[in-house]
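Undergrad: Below is a structure I'd like to ask you about.
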Amino acid sequence: MESSMKPLSLDFNQYYKSFKLFLERSTEHECLQKFIDENLPDVIASIGKKGGSSLNVLGVGSGSGKIDLEILGKIQSKHPGFFIHNEVVEPNPQHISKYKALVKEWNSGPNISFTWNQMTSGEYEMQNKKRNESKKFDFIHMIEMLYYVESLHDTIKYFHSLLETNGKLLIVQTADDGGYHSLWRKAGSRFLSSCLFLDVHKVLDEIRMKYHIYELSSIFDITECFIEGNENGELLLDFLTHIVDFRKTAPADLKAEVLQCLRQPQCSREENGKILFNNNLHFIVIDY
Ligand SMILES: C[S@@+](CC[C@H](N)C(=O)[O-])C[C@H]1O[C@@H](n2cnc3c(N)ncnc32)[C@H](O)[C@@H]1O
Ligand SMILES: NCCC(=O)N[C@@H](Cc1c[nH]cn1)C(=O)O
C-alpha cells in the first residue's frame, strides 16, 4: 500500500461511520435477512448433539449484532426449549456496545446467555490456546470479516476445528463476480494491505474442505461518490477502498483510476440516474 494512506480498519470510529452508511445505501442486510429466512432454517435443522438440550453459537466479527440476533432467533425457533449460549468475538468497542444495547432491548426469554470477547479472531485463538480452552460450537458464523485475517487457511482451519459433532460453519463473503473483486483486482494493490483478493471457496478447495455455496444478489448505491465535495460520497469511497479519507490522501491518478473503475460494467450499472454497485454475496456452509 502507498504510504500516504491509512487502512480504515485501523480507525474504529471512521470504520463504524462508513460501515453504517454503507448499510443504509445497500441491500446488504436485506440480502443477509433473505438468506436467514429462506436458507438458514434448513442449514441449522441438524445441528446439536443427539439428546442434547443446549446449543453453543459463536459469532466472529459480529458488528452491531443485528444479524446475529436474527440468526439466534431462527435457531431458537428451530430448536424450541433449548438453552443457547452465544459467544461474540468483535474487536470494535463501538460495535460491541451497540450489540449489548440491542440484546437489552431484545425479548429473547431466559434461555440464552452471552459471552463477549472484544478482540480479533487471532487474539481469540491465542486466548483459547493460552487457557487450554477447547470449547466446541454447534454453529459458527463469520459474516463479512475474513477480509481482515492474516491467513485465510489458518483462520478457517482453526474455527472449523471448534465445531461440535453435527456443527456448521457459515462464511459470508462478497461474490467473486461482484464489484469489489473487480475493483481490487484492478487497482487494489495500491491501497489494500491484506489478502483481500483470495476467494474463500478456492482456499477451501485447496484444503479439501467440502462446502455448499449459495449466491444472493445485492446492490450498493454509490451515486454520491460521483458528487464532488459530497460528505457521504467520501465516506462511501472510504468504505469501497478501505482507506481513511481516500479522497484527501490518495494520489490523484489513483483517485481517477478508482472512480473510473467504479463505473465499469464489472463494478456497477446505471439505473434511473443512480449508480448501483454489485454487492452480491456468497454464503458458504461447511459441515463438521
Ligand atoms: C463488514 S463488518 C460485518 C459486521 C456484521 N457481521 C454484519 O454482517 O453486519 C466486519 C466486522 O468484522 C470486524 N473485524 C475486523 N477485523 C476482525 C478480526 N480480525 N476478527 C474479528 N472481527 C473483525 C469489524 O470490527 C466489523 O465489525
Ligand atoms: N458486502 C460488503 C463488503 C464488506 O463488508 N467489506 C468489508 C471489507 C472491505 C474492504 N474494502 C472494502 N470493504 C468491510 O468493509 O468491512
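Undergrad: Please report PHE22, PHE12, PHE159 as a ranked list, fewest other C-beta atoms within 10 angstrom at the top and most at the bottom.
TA: Least crowded to most crowded, the residues run PHE12, PHE22, PHE159.
Undergrad: Right, something else. Given H placed on each backbone N at 1.01 Å, which residues far from LEU55 in sequence or on other chains put an amide H within less than 5 Å of it?
TA: The list, which skips near neighbours in sequence, is PHE83, ILE84, HIS85.
Undergrad: Sticking with this structure for a sec: Would you mind computing Rg(Cα) / (2.2 N^0.38 Å) for the chain, counting N as its residues?
TA: 1.02
Undergrad: Debye calculation, C-alpha points only, no solvent: report log10 I(q)/I(0) for the range 224-272 at q = 0.28, 0.32, 0.33 Å⁻¹, in the same order as the q values.
TA: -1.19, -1.36, -1.38
Undergrad: Could you check the simple spin-label distance between SER217 and GLU38, using points 7 Å along Cα→Cβ, in nm with one decimal?
TA: For the pair SER217/GLU38, the computed spacing is 1.1 nm.
Undergrad: Calculate the length of the line joining the C-alpha centroid of the range 96-175 to that of the range 240-262, in whole Å.
TA: 33
Undergrad: How big is the convex hull of the Cα atoms of the range 192-288, per residue, in Å³?
TA: Expressed per residue, the convex hull around the Cα atoms of the range 192-288 is 130 Å³.
Undergrad: Residue-wise, which Karplus ³J(HN,Hα) couplings in Hz belong to the range 99-114, taking 6.51 cos²θ - 1.76 cosθ + 1.60, θ = phi - 60°, and x for glycine or proline?
TA: Using θ = phi - 60°, the values come out as 4, 4, 5, 5, 5, 4, 6, 7, 8, 8, x, x, 7, 8, 9, 10 Hz.
Undergrad: Quick check: pseudo-label points 7 Å beyond the Cα along Cα→Cβ at LYS248 and GLU123, how many nm apart are they?
TA: 2.7
Undergrad: Here is a follow-up. Mind jotting down the three principal axis lengths of the range 68-165 based on Cα atoms? Whole angstrom, largest first.
TA: 37, 34, 25
Undergrad: Roughly how big is the chain's charge dipole about its Cα centre, with Cβ charges of +1 (Lys, Arg) and -1 (Asp, Glu), in debye to the nearest 20?
TA: That gives the chain a dipole magnitude of about 780 debye.
Undergrad: Right, another one. With θ taken as phi - 60° and the coefficients 6.51, -1.76 and 1.60, list the Karplus ³J(HN,Hα) couplings across the range 32-44 in order, rounded to whole Hz; mark glycine and proline as x.
TA: For the range 32-44, the Karplus curve yields 4, 4, 4, 4, 4, 6, 9, 10, 4, x, 5, 4, 8 Hz.
Undergrad: Now a separate question. Using 0.36 nm times the number of residues separating LEU102 and SER189, minus their current alpha carbon distance, what extension gain do you get?
TA: Numbers: separation 87, 0.36 × 87 = 31.32 nm, distance 3.77 nm.
Length gained between LEU102 and SER189: 27.6 nm.
Undergrad: Then there's this: Could you go through the range 249-260 in sequence order and give the Karplus-derived ³J(HN,Hα) for each residue, using 6.51 cos²θ - 1.76 cosθ + 1.60 with θ = phi - 60°, rounded to whole Hz, and x for Gly and Pro?
TA: Rounded to whole hertz, the list is 9, 7, x, 4, 5, 5, 4, 4, 5, 5, 4, 5.
Undergrad: Starting at 0 and stepping by 5 Å, how many percent of the alpha carbon pairs of the range 1-141 end up in each bin?
TA: In order of increasing distance, the bins hold 2, 8, 17, 19, 20, 16, 10, 5, 2, 1, 0, 0 percent.
Undergrad: Per residue and in Å³, how big is the convex hull formed by the alpha-carbon atoms of the range 41-117?
TA: 83
Undergrad: Loop by DSSP (not H, G, I, E, B), at most 11 other beta-carbon atoms within 10 Å: where is the longest site-free stretch of the chain for trypsin sites (Lys or Arg not before Pro)?
TA: With a cap of 11 other Cβ atoms within 10 Å, the longest stretch comes to 51-130.
Undergrad: Run the numbers for LYS274 and SER151: contour at 0.36 nm per residue of separation, minus the present Cα-Cα distance, in nm.
TA: This chain segment gains 40.6 nm when fully extended.
None of the figures in this text is laboratory data; all of them are computed from the coordinates on show. Everything numeric in this text was worked out from a predicted model, so none of it was measured. Because the Cβ atoms are built from the backbone with ideal geometry, glycine has one as well, and the counts that use them run over all protein chains shown.
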